[in-house]
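Here the structure is laid out as structure tokens; the discussion comes afterwards.
The values are calculated or read from the model by the stated rules, or taken from the named source; none is laboratory data. Since the model is a prediction, treat every value here as computed from it, not as a measurement. All Cβ positions, glycine included, derive from the backbone under ideal geometry; neighbour counts span all protein chains shown.
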Amino acid sequence: MLNSPQADTRPGEVVLEARGITKRYPNNVVALDKVDFQLRAGEVHAILGENGAGKTTLMNILFGVIQPDEGEIYLYGRKTRFKSPIDAINMGVGMVHQTRKLVQAHTVLENIILGHPKAGRLLNLRKVREEVEEMCRRYGFRIDLDARVWQLSAGEQEMVEILRALYRGAKILILDEPTSVLTPPEVEVLLNSIRHMAKNNIALIPFITHKLPEVFEVSDKVTVLRRGKVVKTINIREASMKSLAEYMVGREVLFNLTNPKVNLGREILKVENLSALNDKGVVALRNVSFSVKEGEILGIVGVSGNGQEELAEVLAGLRKPASGRVIFDGQDITRKSVLERLKMGIGYIPPDRLGEGAIGNFSLVDNILLNLYYDKEFRKSIFLNYPKIREYTKRLVSEFEVITPSVDTKAAHLSGGNLQKIILARVIPKTTKLLIANLPTSGLDVASAESVRNRILSCKEKGMAVILISEDLDEALQLSDRIAPIYEGRIVAILDADNVKKEEIGAMMAGVSQ
């Protein structure tokens, strides 16, 4: 194991400090503006902020990915400059990215060793195994070191990333959205491991966009960024979810949205024994059956990769089913195209905002046009009525509160929250009967997520049927009338969202039968 620079650091001692960090990008964009930050040994110090607040930029500077324009970094009291992540790793700073960087075909132990300075020499694998097993005991990790990474759950893969950083000698650990794709049981395991690491004098920086309850479970201190500036650093015992959200956004944020009670109408969608293959030709959806009525939200919850993406695409007409039927408003639409479904009043919000939901190099006007080109209201004979489309776009930008310099701005230049608002603005006004929302708030900050959830509830109030596909169990329970956990392509159960325990749903998402 590598020797970290100050392995004998006392608990509570300042181990990492940023002073006056400033980072500017072209077009006068100031990502960080004189940011100060202090981290102590054995402390969990969370960084909070909206999308675009500067969290990622600050963490990338502290890990040597990018260089600041101004300011200084001190490590164990000494002025330091990380020219690259290798410098940071060699000085005891590790980072676990949201996107996994593991070799799927290799074992857990092989991935932990991979990239270690000793890996290019002859290794005593027995000794390495003993070192890693001792680390697992010390920090509360339970994992099969001989399992292949592709066999692991998302939570177990995160453990491997953390263990790899610790084995390289990290005494300071940066965690990028650490619980974003984990089931509730996996979240609890990870949070417990974070507690163990802090007790063993590891200093941790989780930076988080929207899962505030987890901040209160493990953090000692919180620093909130807004528009590149530190607006508050506070001990967690002095804070509340409401106060932290207000620091992040600059206004009050509603966490407990009211799910309106609506008289249910007729059955608008019926799915019968639906099966589908994934892009690799493997069965991903297995004999799924359910129905949804007007004025109802059905929440489908599961860990990524359990068939929910294939289900959404089949319902939207983007993927052909292997078997089964989709009945919409009494009509078999199993083989109908996306355009035919759009004209029938079916709207689809895809999970990938720039890959599927919008065209980055198109203006907002042209992105709105994607759902209008077939509409006679926006045509002049055989030609598109661009002045009318432009005015319509301006109205939607105002109505959906999209922050943008103009409607001619390219979609790729918007923040994640504003890009999602444009997608909603394109889809929802043209949706009359069924909305399919696939991960609509994934990666959004608390304010943007609140806006999107309100839009979904308004669709329900208007009498639409809504299928909400989410990996956030709290969100699904808050918005849904009925909830359906999905595991390995099968709907495990369909339950009343008001009369089910979160732990039961979490267990079903993880494949534990009830």
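Some notes on this structure:
- Annotation note: Cβ proximity below 8 Å between a residue of the stretch 316-332 that is crowded, with 20+ Cβ neighbours inside 10 Å and a residue that is assigned to a loop (DSSP other than H, G, I, E, B) and of a type in the set (Val, Ile, Thr) (sequence gap 6+ or interchain) occurs for Gly317/Ile333; Pro321/Thr334; Val326/Ile333; Val326/Thr334.
- Residue in the stretch 182-203 that is buried (at least 18 other Cβ atoms within 10 Å of the Cβ), closer than 30 Å to Arg24 by Cβ and in the same structural domain as Gly42 (by TED's automatic domain parsing) present: yes
- Those residues of the stretch 350-365 which are crowded, with 19+ Cβ neighbours inside 10 Å and in a loop (DSSP other than H, G, I, E, B), in sequence order: Pro350, Pro351, Ala358
- Some residue of the stretch 134-148 being surrounded by fewer than 20 Cβ atoms within 10 Å (Cβ to Cβ), closer than 27 Å to Gly443 by Cα and not small (Gly, Ala, Ser): no
- Cβ-Cβ contacts under 7 Å between residues 6 or more apart (or on different chains), taken from a first residue in the stretch 35-57 that is more than 18 Å from Val93 (Cβ to Cβ) to a second residue that is hydroxyl-bearing (Ser, Thr, Tyr), are listed as Asn51/Thr209; Asn51/Ser415; Asn51/Ser448; Gly52/Ser415.
- Tally of residues being in contact with a Phe, Trp or Tyr (Cβ under 6 Å, 6 or more places away or on another chain) and within 18 Å of Glu50 (Cα to Cα) across the stretch 401-442: 1
- Leu125 in contact with a Leu (Cβ under 9 Å, 6 or more places away or on another chain), at pLDDT below 85 and over 30 Å from Tyr25 (Cβ atoms): yes
- For the stretch 472-488, a residue qualifies if it is in contact with a strand residue (DSSP E or B) (Cβ under 9 Å, 6 or more places away or on another chain) and closer than 12 Å to Val303 by Cβ, and the qualifying residues are Asp472, Leu473, Pro485, Ile486, Glu488.
- Among residues of the stretch 406-446 being hydroxyl-bearing (Ser, Thr, Tyr) and within 18 Å of the chain's Cα centre (by Cα), the one that is modelled with the lowest pLDDT is Ser415.
- Candidates Phe290, Phe255 - the one that is modelled with pLDDT under 90 and aromatic (Phe, Trp, Tyr): Phe255
- Within the stretch 38-62, if we keep just the residues that are in a loop (DSSP other than H, G, I, E, B) and either charged (D, E, K, R) or not assigned by TED's automatic domain parsing to the domain that holds Val224 (or both), the residue that is surrounded by the most Cβ atoms within 10 Å (Cβ to Cβ) turns out to be Glu50.
- Total residues in the stretch 58-73, condition in contact (Cβ under 8 Å) with a residue 60 or more places away in the chain and out of contact with any helix residue (DSSP H, G or I) (no Cβ under 7 Å at 6 or more places or on another chain): 3
- The listed residues are Val15, Val35, and the only one of them that is assigned to a strand (DSSP E or B), touching a strand residue (DSSP E or B) at 6+ places or on another chain (Cβ under 8 Å) and over 30 Å from Gly115 (Cα atoms) turns out to be Val35.
- Val292 vs. criteria surrounded by 17 or more Cβ atoms within 10 Å (Cβ to Cβ), in the same structural domain as Ala476 (by TED's automatic domain parsing) and over 29 Å from the mean Cα position of the chain (by Cα): no
- Of the candidates Ala322, Ala276, Ala284, the single residue that is more than 29 Å from Gly506 (Cβ to Cβ) and in contact with a Ser or Thr (Cβ under 9 Å, 6 or more places away or on another chain) is Ala322.
- Considering Val446, Val512, the condition of being in the same structural domain as Pro260 (by TED's automatic domain parsing), among the aliphatic types (A, V, I, L, M) and free of Cβ contacts under 8 Å to residues at least 12 places away in the same chain is satisfied by Val512 alone.
- Residue list for the stretch 387-405, restricted to those being farther than 22 Å from Arg453 by Cα, exposed (fewer than 14 other Cβ atoms within 10 Å of the Cβ) and at pLDDT 90 or above: Pro387, Glu391
- The residue pairs whose first member lies in the stretch 76-95 and is in contact (Cβ under 8 Å) with a residue 40 or more places away in the chain, whose second member is surrounded by fewer than 18 Cβ atoms within 10 Å (Cβ to Cβ) and part of a helix (DSSP H, G or I), and whose beta carbons are closer than 9 Å, counting only pairs six or more residues apart or on different chains, are Asn90/Pro117; Val93/Pro85; Val93/Asp87; Met95/Pro85.
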